[in-house]
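These notes concern the structure reproduced below.
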Amino acid sequence: MPLEEGDPVRQRGQQASGEVSSTPCLRATGDPSLQGMPAPNGSRMEVTAECWELEPALGDRDVTPKGAPPQAERHEEALMAELSELVQKVVKSSSWWERHGVDVSILACSFLLLPAGLLCLRSSQAIPFLAGVLTLGVVHHTLTVKGSHLASHNALTESKSWSKVWAIFFIELCSAFTVEQATYNHVKIHHGYTNVIGLGDSSTWKLPFLNRYVYMFIAPLSVPILTPLVALDLLRNVKWKAALRTLCCMFLGLYCHYWLLLHVSGFQSSWSALLCMLLTRSLLAHPYIHVNIFQHIGLPMFAADRKPKRIHLMSLGVLNLPRNILLDWSFGHSLISCHVEHHLFPSLSDNMCLKIKPIVSQYLKQKKLPYNEDTYASRLRLFLQRYEELMVHAPPITELVGIQ
């Protein structure tokens with residue numbers, strides 16, 4: 001997927017077949033940037049789209065792209081409504097096992113693997129000990145990434161009360177973060193304003209003071225330490241009762257992990273137990289950071305007052321990675337190979353995102369909309385080659401302008 005500078009069409013619109021979507025068509029211009037939102041080099045990018053048609057999607061309050069006539073806006077809304085109807089038919093015909101059971105079973109299996117991982121750490125031999133570290137690392141990321149992500153979207157159960165319980169358990173107890181801020185920043189901002197400059201543009205993942213190799217390969221090891229520290233800082237923004245609950249859950253989760261390593265795994269000192277905690281909690285931190293930047297940064301970014309309707313916003317600004325058995329299990333399909341589907345239908349579970357993937361990909365390609373896919377290795381290579389452009393400088397603004 002990497003391309004030459006100045007050729008954003010092939011870079012941003014490349015599809016699984018290797019062909020480039022003709023709608024929308026991105027082209028770099030020398031025009032001034034949008035009002036009050038300058039691009040880093042004084043330029044911006046524009047998207048020229050085909051005409052659109054009919055009926056708005058529920059809750060879609062996006063601004064009409066500049067130059068798009070009313071017929072075009074209605075047609076784009078009709079596309080999302082039509083796709084939603086196709087997906088809804090699949091969801092309604094699916095069993096509870098397909099909608100929730102598969103993912104709940106994966107989380108339950110992770111809990112069942114905990115004793116095996118803890119007992120393996122008692123071994124003085126290298127292979128069983130490493131097997132224990134690997135097991136606990138995978139279990140930790142399955143609970144904290146997959147579990148927390150599904151819980152934040154209420155995708156584990158259809159009960160609102162149980163959704164709240166699971167969110168507190170996975171996000172606060174397991175992940176040492178705050179439910180209110182996790183839900184607000186991820187669901188309300190990132191999903192509500194995907195790739196919108198200053199809102200859901202994934203800029204929180206950028207640390208421009210770090211060079212490319214430190215950021216990509218060393219900094220991820222600090223995630224287990226930074227996560228609770230960031231959570232503590234964010235507690236200033238929540239009510240005192242919620243803050244107290246979060247503090248109690250964070251302390252209980254971290255202390256339970258520490259206690260189990262001392263009393264079940266048999267670690268002889270506090271430092272060795274803390275080091276093991278750091279090791280297991282950072283085992284998959286590298287792909288965690290990489291996945292979060294690979295799937296949005298480097299794709300078209302929009303100004304808040306000129307973002308397109310939902311279907312174009314998500315098809316342009318989201319990318320799928322190939323299936324990977326380890327990451328599929330630990331992070332979930334919605335964060336790996338079905339990220340486009342997840343952003344279009346965020347309340348669906350990982351298994352349902354996988355089930356609707358053929359429908360969504362076929363529909364977008366049929367309507368000549370982008371369906372971005374790329375490999376992990378290709379994205380890693382791209383970010384290492386163009387790190388300053390993607391992770392240091394502000395992104396160029398993309399705008400939909402009229403009809404092709």
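Residue-wise HN-Hα couplings along region 95-107, as the Karplus relation 6.51 cos²θ - 1.76 cosθ + 1.60 with θ = phi - 60° gives them from phi, are 7, 4, 4, 6, 6, 9, x, 4, 6, 4, 5, 5, 5 Hz; Gly and Pro carry x. On a per residue basis, region 325-364 carries 26 Å² of accessible surface, using protein heavy atoms and a 1.4 Å probe. Projecting the Cα atoms of Pro322, Ile336, Gln362 onto the charge dipole of region 300-375 (Cβ charges, centred on the Cα centre) puts Gln362 farthest toward the positive pole.
Of the solvent-accessible surface of region 69-136, computed with a 1.4 Å probe over protein heavy atoms with every protein chain present, carbon and sulfur atoms account for 68 percent. Rounded to the nearest 20 debye, the dipole magnitude of region 194-346 is 360 debye, with +1 charges on Lys and Arg beta carbons, -1 on Asp and Glu beta carbons, and the Cα centre as origin. 3J(HN,Hα) along region 129-146, derived from phi through the Karplus expression 6.51 cos²θ - 1.76 cosθ + 1.60 where θ = phi - 60°, amounts to 5, 5, 5, x, 4, 4, 4, 5, x, 5, 4, 4, 6, 5, 6, 7, 9, 5 Hz, with x in place of Gly and Pro.
Sum up the charges of everything whose Cβ sits under 13 Å from the Cβ of Lys206, counting Lys and Arg as +1 and Asp and Glu as -1, but leave Lys206 out. Charge balance in the 13 Å sphere: -2. Couplings 3J(HN,Hα) for region 373-385, derived from phi with the Karplus relation 6.51 cos²θ - 1.76 cosθ + 1.60 (θ = phi - 60°), are 9, 7, 8, 4, 5, 5, 5, 4, 4, 4, 5, 5, 6 Hz, where x marks Gly and Pro. If we count every other residue with Cβ under 10 angstrom of Asn195's Cβ, Lys/Arg +1 and Asp/Glu -1, where does the sum land? That sum, taken over residues with Cβ under 10 Å, equals 0. Starting from the Cα gyration tensor of region 292-388, take the square roots of the eigenvalues, sort them a ≥ b ≥ c, and report rounded, prolate or oblate (rounded when a/c is under 1.5, otherwise prolate if a/b is larger than b/c, else oblate). It is oblate, given that a/c is not under 1.5 and a/b is not larger than b/c.
Residues whose amide H comes within less than 5 Å of that of Val196, counting only those at least five positions distant or on another chain, are Asp201, Phe302 (H built at 1.01 Å from N in the peptide plane).
Which of the three applies to region 205-270, rounded, prolate or oblate, going by the alpha-carbon gyration tensor with a ≥ b ≥ c and a/c under 1.5 meaning rounded? Since a/c reaches 1.5 but b/c is at least a/b, the shape of region 205-270 is classed as oblate. Looking at region 110-211, the chymotrypsin sites (Phe, Trp or Tyr not before Pro) that sit in a DSSP loop and have at most 12 other Cβ atoms within 10 Å of their own Cβ are Phe209. Counted by Cβ distance under 12 Å from Val102, the other residues give a net charge of -1, where Lys and Arg count +1 and Asp and Glu count -1. Surface composition of region 151-230: carbon and sulfur atoms hold 69% of the protein heavy-atom accessible area at a 1.4 Å probe. Comparing His149, Ser163, Gln88 along the charge dipole axis of region 84-234, the residue lying farthest to the positive side is Gln88, per the Cβ-charge model.
The values are calculated or read from the model by the stated rules, or taken from the named source; none is laboratory data. Please read all numbers here as calculations on a predicted model, not as lab measurements. Methodologically, a virtual Cβ is constructed for each residue, glycine included, from the backbone with ideal geometry; neighbour enumeration extends over all protein chains shown. Accessible surface is based on the protein model in full, side chains and every heavy atom, while ligands, DNA and RNA are left aside. Shrake-Rupley method; radii C 1.70, N 1.55, O 1.52, S 1.80 Å.
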